[in-house]
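Worksheet for the structure shown next.
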Amino acid sequence: NGKKWVRGDADSYLRRKASARSSNRYITFVDGTTGSPDATPSAVLAAKRMNQVLLQARQKVLTTTKESVARDRDLKNWVQKKAAPYVWFASEVVLFGILSTYGNIDWDHQVQLLRDTPLDVFLLSFTIGLAVSYNRALSRSMLPGVEEPTGLLTRVFSDVISEKDPVALPAPSHVRYPNLKWRIGAFLGESLSAVNVALLLQGILQPNVVSTLMQLENPSAFYEGPPIFTIILAAILTALPASIVSINPSSSPWDGIPAEVQALKLSNATISAYFNMQRLPEEASANESSECFSTLAESWISKYDGVSDGAEWKVPLLAFAGSLAYATAFSTSPIFVEQQGETILAIPIVARIVAAADTYLIRDEEDSCQMKVPLPKVFVSENDGGNESKSEQIQ
C-alpha cells in the first residue's frame, strides 16, 4: 500500500528522522511547550531536504581524497581498539623521559624551586590558564563543530572510553558535555599531554632559542637593546608554532560553514516551489514541509551566519596569544626566585592544566553546536483545497 515499515515505534522513528546534521552541527524539532522531541511526516521531509542541501554545499568546498578518507577511517578504527589508550599513555610517558633527558631537566630542583616560590606564582599560572581557556573558547565559537588542535586525540579517546558505541568520532558537544566521565577523561588526558608540551616548548625550545640569539656575533642586525629583548624575541618565536598549526588550509574552508549558510539562503527562497513539484506521501503536505524547512533553515542561518568572519586571521592570532602567554610567564619566572636566571617550568605546566580544567570541567558547551527548534503547527484551510496555509510556532 505504499507505506514504509519501520522497526519499533513509528513516532520515535519520525522524531529521529526529523533532524539535520552537518559535521558535528545538529538541529532537531521539539515540542514548543514541553521541549521534548517532536515530529510530523512533513517535518521529516523538511529535515531530509535540509540534509541534502547541507551535504551538497559542504562537498562543493571541501577537498577530500581516497587517501585522506582512508587515513581518517584507519585512525578511527585504531582509537577504538582496547589497547589504544594504553599505547597512547605509554608513549606519553616515554616521551616525557626522552624530553627530560634531552633538555637536561632537573626535576628535583624544579620541585624545590616550586616549594620556595610564593603564592604569586600559582596566581600567575591560574590567571594565564583562564585567559588561554577564554581564547580557546573564542576560537571554538568561530568554528562550531570543528575540533581544535589542542587536545584533539585525548578528546577522541575520551569519546571511546565514555561511550560503548559512540554516535560519531569525534563526538558532538551535546553528547560529550552531559557525560561526566568524558569531561574527566578529556581533562586528565590533556593535562598529561600538557606536561610534555610545556617541556618541549618551554623546557627545551625556548631556552635554546635564547642561547642561540645571545651567541650571535652581531645581534644588532636583528634587534637593538639589552638582553631583555632577546628574551622577548625568544618567547615570540616559541609561540609561532601554535599559530601555524591553527592556520586553516585552503582545502578545508572553515568546514564549509559559510557555504552551508549561503546554500540554505538560496534554498529557502525557493522551497515552496521545490515541495510543490515533489510527489509527497499522503500524510505530508507541501505547505507544511516548506514551513518546517524554513524554520530549520532560518534557525541555522541565524546561529551560523557570519560566525567565521575573520577566522582566517583571528583563530591563528588567538592561538599565538595563548602560546605567547605561556612563554612570557616562563621567561618572567626568574622574578619569583632569589637566584638570578632560574626559570620555573611549573608555571606553564600549571597554567596549561588550569586551561584544561576550565575547558572541560567548568565550561558547559552542550548547546554550542546543537539547536532545538519548536515544530511549526500548520493549519490548512478547508476552503482552499489545501493550497494555502497559515502557521504558528508554539514558543
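Tabulated data for the structure shown
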read-out: Residue in the range 283-305 that is within 17 Å of the chain's Cα centre (by Cα), assigned to a helix (DSSP H, G or I) and of a type in the set (D, E, K, R) present; value: yes
read-out: Any hit, the range 264-283, residues being touching a Leu at 6+ places or on another chain (Cβ under 7 Å), open to solvent by less than 30 Å² (accessible area, probe 1.4 Å) and small (G, A, S); value: no
read-out: Test result for E92, among the acidic types (D, E), open to solvent by 40 Å² or more (accessible area, probe 1.4 Å) and assigned to a helix (DSSP H, G or I); value: no
read-out: Sole exception among (1) at pLDDT below 80; (2) open to solvent by less than 20 Å² (accessible area, probe 1.4 Å) for V373, by number; value: (1)
read-out: Residue that is farthest from Y304 (Cα to Cα), among those in the range 112-126 that are in contact (Cβ under 8 Å) with a residue 24 or more places away in the chain and open to solvent by 70 Å² or more (accessible area, probe 1.4 Å); value: D116
read-out: Criterion (under 20 Å from T295 (Cα atoms), touching a Cys at 6+ places or on another chain (Cβ under 9 Å) and not aliphatic (A, V, I, L, M)) met by exactly one of T40, T34; value: T40
read-out: Residue in the range 136-158 that is open to solvent by less than 20 Å² (accessible area, probe 1.4 Å), over 23 Å from S243 (Cβ atoms) and without any contact (Cβ under 8 Å) to a residue 60 or more places away in the chain present; value: yes
read-out: The one condition in (1) surrounded by 21 or more Cβ atoms within 10 Å (Cβ to Cβ); (2) part of a helix (DSSP H, G or I); (3) modelled with pLDDT under 95 that A186 fails to fulfil; value: (3)
read-out: Odd one out for A83 among (1) under 27 Å from A198 (Cα atoms); (2) of a type in the set (G, A, S); (3) surrounded by 13 or more Cβ atoms within 10 Å (Cβ to Cβ); value: (3)
read-out: Hey, D38 among the charged types (D, E, K, R) and open to solvent by less than 50 Å² (accessible area, probe 1.4 Å) or not; value: yes
read-out: Of residues in the range 235-263 being in a helix (DSSP H, G or I) and hydroxyl-bearing (S, T, Y), the one least open to solvent (accessible area, probe 1.4 Å); value: T238
read-out: Wholly enclosed helices (runs of 4 or more DSSP H) of the range 99-176 bearing at least 2 residues within 30 Å of K81 (Cα to Cα); value: 120-142, 152-162, 173-176
read-out: The range 353-379: number of residues that are within 17 Å of D31 (Cβ to Cβ) and of a type in the set (S, T, N, Q); value: 1
read-out: Odd one out for P316, checked against (1) more than 24 Å from D38 (Cβ to Cβ); (2) modelled with pLDDT of 90 or more; (3) open to solvent by 30 Å² or more (accessible area, probe 1.4 Å); value: (3)
read-out: Filter result for the condition that a residue is part of a helix (DSSP H, G or I), in contact with a Leu (Cβ under 8 Å, 6 or more places away or on another chain), closer than 15 Å to S22 by Cβ and among the β-branched types (V, I, T), over V53, V44; value: V53
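The values are calculated or read from the model by the stated rules, or taken from the named source; none is laboratory data. All of these numbers come straight from a predicted model, not from anything done at the bench. Note that we place each Cβ from the backbone using ideal geometry, even for glycine, and neighbour counts take in every protein chain shown. Just so you know, the surface numbers come from the protein's heavy atoms only, side chains and all, with ligands and any DNA or RNA stripped out. Shrake-Rupley method; radii C 1.70, N 1.55, O 1.52, S 1.80 Å.
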